[in-house]
Amino acid sequence: MKRIKFKEFSLNWYSIISLIFAVALIMFGSGIFLDYINFVLVFFGFLIILFYLSRFFWYKNYVKYNSKSVFIRINTFLGKSFKFDDIKKVKVTSSEMIITTNSINHIIDLHKIDRNDIDDMADILIDNSKAEYTSEVMHEKFYKKP
């Protein structure tokens, strides 16, 4: 079974310092503060920003969330973004999750995804939104016995 990578989106000190360093490299390399232009510094500055922004492409199954919204990318190249205030219903079947936002159904394919991760994703959606939850599978978490 495939696993989902969960990431709570927040700016921690490591992210802030690395982005400030990248912006400083771009500014110093482009000659804004000094009359010295160095394209290598600009390249490395943009490379750090590209590395930071491309993290969700590293995993095929990725869920990024904060207190206001969630980004779900499962078994697709591009994902779907939802605001928690817009989510009205969440329905889980054995092979898909149906998220209803403002009378529009969004279907997320859950084929070959670990059952624990599906339950964790449903918990994130239900805890942060006031959505109605229905499940056609067991409500308990699945645990592999050693």
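Only helices enter this figure: runs of n ≥ 4 DSSP H residues, each worth -39500 (n - 2.57), summed and divided by the residues of the chain, yield -10500 deg cm²/dmol at 222 nm to the nearest 500. Helix 13-29 and the longest principal axis of the C-alpha atoms of the chain enclose an angle of approximately 40°.
For the peptides 12-23, 37-48, the ranking by mean Cβ contacts within 10 Å, running from highest to lowest, is 37-48, 12-23. When the alpha-carbon atoms of segment 1-143 are used, the pair Rg, Dmax equals 19.7, 66 angstrom.
Normalised by 2.2 N^0.38 Å, where N is the number of residues, the alpha-carbon radius of gyration of segment 1-77 equals 1.43. Look at the alpha carbon pairs under 8 Å that are at least 6 residues apart: their mean separation over the length of the chain gives a relative contact order of 20 percent.
Each reported figure results from applying straightforward, stated rules to the coordinates on display, with no laboratory input. Values in this document were obtained by computation on a predicted structure and should not be read as measured data. Note that we place each Cβ from the backbone using ideal geometry, even for glycine, and neighbour counts take in every protein chain shown.
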